Amino acid sequence: GEDVEQSLFLSVREGDSSVINCTYTDSSSTYLYWYKQEPGAGLQLLTYIFSNMDMKQDQRLTVLLNKKDKHLSLRIADTQTGDSAIYFCAESPNTGGFKTIFGAGTRLFVKA
Amino acid sequence: SQTIHQWPATLVQPVGSPLSLECTVEGTSNPNLYWYRQAAGRGLQLLFYSVGIGQISSEVPQNLSASRPQDRQFILSSKKLLLSDSGFYLCAGKFEGTEQFFGPGTRLTVL
């Protein structure tokens, strides 16, 4: 079935790089997403990558996709305290066009 | 632009009372709409989705129901709340693209 897995916690020091990892199971997924959720708020789309891409960079964010291993990562350069949040990995399987499958979220703690 | 509105932002209800959470959307017409629940410290559980007026698909059997009386209105309801219904409820919409846009959420506490 469709499943997205992420580690639950990550702690980094301010100024360091953060790498959040995700694995997914549906090889037919066309788009893969990273969402950010700040405390008490809804999810905000950070970035997404199309399945025929290996990498996408957007300012401090770099997304890497290894389609063979079904592994997606989000790298945040120069992590700031404002980056502390929950980060959700998600995929849109081709088999179910209406749905997006979300991981459980990785809680990022940034220490000053 | 696409905007999802939800209200109320927080709600405290006694066990056995009814529930009505409302979601309205701005953006292109005929969006796919979704209700998710997020339990404390956990990921998103898809509860319902709708591809059009009056069309509701339920993902998990439970104490809740959903309705879509208008294209841009999605309502989550319950006749009698349970303690286990507590959580953070998120409404989302998918418009012309593939990504979902989320509302600010409603935190429901059932006592």
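Applying the Kirkwood pairwise sum to the alpha-carbon positions of region B:54-111 produces a hydrodynamic radius of 13.1 angstrom. A convex hull fitted to the Cα coordinates of chain A yields 94 cubic angstrom per residue.
Legend: ranking of residues A:ASP26, A:ASP78 from fewest to most surrounding C-beta atoms inside 10 Å; resulting order A:ASP78, A:ASP26. Look at B:PHE95, A:PHE88, B:PHE101 and count the other Cβ atoms within 10 Å of each Cβ; fewest to most, that gives B:PHE95, B:PHE101, A:PHE88. With a 10 Å cut-off around each Cβ of B:97-107, the average count of Cβ atoms from other chains is 5.
Exposure proxy for B:TRP35, B:TRP7: other Cβ atoms within 10 Å of each Cβ, ordered fewest to most, give B:TRP7, B:TRP35. Give me the distance between the Cα centres of region B:1-56 and region A:30-92, rounded to whole Å. Each part reduced to its Cα centre gives a spacing of 24 Å.
Each eigenvalue of the Cα gyration tensor of the protein assembly as shown, multiplied by 5 and square-rooted, gives one semi-axis; in descending order these are 30, 21, 15 Å.
A short reminder: the numbers here are calculations on the coordinates, not readings from a lab. A quick note: this is a predicted structure, and the numbers were derived from the prediction, not measured. Every residue, glycine among them, receives a Cβ derived from its backbone with ideal geometry; neighbour counts consider all protein chains shown.
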